[in-house]
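The values are calculated or read from the model by the stated rules, or taken from the named source; none is laboratory data. Since we're looking at a predicted model, the values are computed, not measured. Counting neighbours? That spans all protein chains shown, and the Cβs are built from the backbone with ideal geometry, glycine included.
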Amino acid sequence: MYIVLLTYTAPLPEIDYELPDHAEWLARQFEHDYFLASGRRDRHLGEVIITRPMARGKLDAVLATDPLALKHLAHYEVVEFAATKTAAELRTVNEAIAR
């Protein structure tokens, strides 16, 4: 499982212009069942994405297709972790086999 910390590297007007394409990209990742949650970070610094378990190379390939990455408007920090405790709603995710 991963937490992706996305930090904007361009002025907010440039980011805002690309957000509709980024939102469509996010929607596709949820449709593919890759992402569990996403949202903006405080003070509009960037975003946080929580992913399902998958191979790191696959995650890197998915992130590389983000319009913000393609236009070099954001930096991505990926934190891998193994959840040892989860809420009942997340137990199936915790027990999921990496894809």
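For the range 37-64, filtering for residues that are out of contact with any Lys or Arg (no Cβ under 9 Å at 6 or more places or on another chain) and touching a residue at least 12 places away in the same chain (Cβ under 8 Å) leaves 13.
I'd like to check something: does the range 61-71 contain any residue that is in contact with a strand residue (DSSP E or B) (Cβ under 6 Å, 6 or more places away or on another chain), under 27 Å from residue 92 (Cβ atoms) and surrounded by 13 or more Cβ atoms within 10 Å (Cβ to Cβ)? Yes.
For the range 1-36, give me each residue that is small (Gly, Ala, Ser) and in contact (Cβ under 8 Å) with a residue 60 or more places away in the chain.
10
Of the set (1) farther than 17 Å from residue 7 by Cβ; (2) surrounded by 12 or more Cβ atoms within 10 Å (Cβ to Cβ), all apply to residue 75 but (1). Among the residues examined, residue 43 qualifies as at pLDDT below 95, more than 11 Å from the chain's Cα centre (by Cα), loosely packed, with under 12 Cβ neighbours inside 10 Å and not aliphatic (A, V, I, L, M).
Note on the range 1-15: residues that are closer than 15 Å to residue 49 by Cβ, crowded, with 18+ Cβ neighbours inside 10 Å and among the aliphatic types (A, V, I, L, M) amount to 3. Screening residue 18 against (1) under 15 Å from the mean Cα position of the chain (by Cα); (2) of a type in the set (Asp, Glu); (3) surrounded by 12 or more Cβ atoms within 10 Å (Cβ to Cβ) leaves a single unmet condition, (1).
Screening the chain for strands (runs of 3 or more DSSP E) wholly inside it with 2 or more residues that are aromatic (Phe, Trp, Tyr) and in contact with a Pro (Cβ under 9 Å, 6 or more places away or on another chain) returns no ranges.
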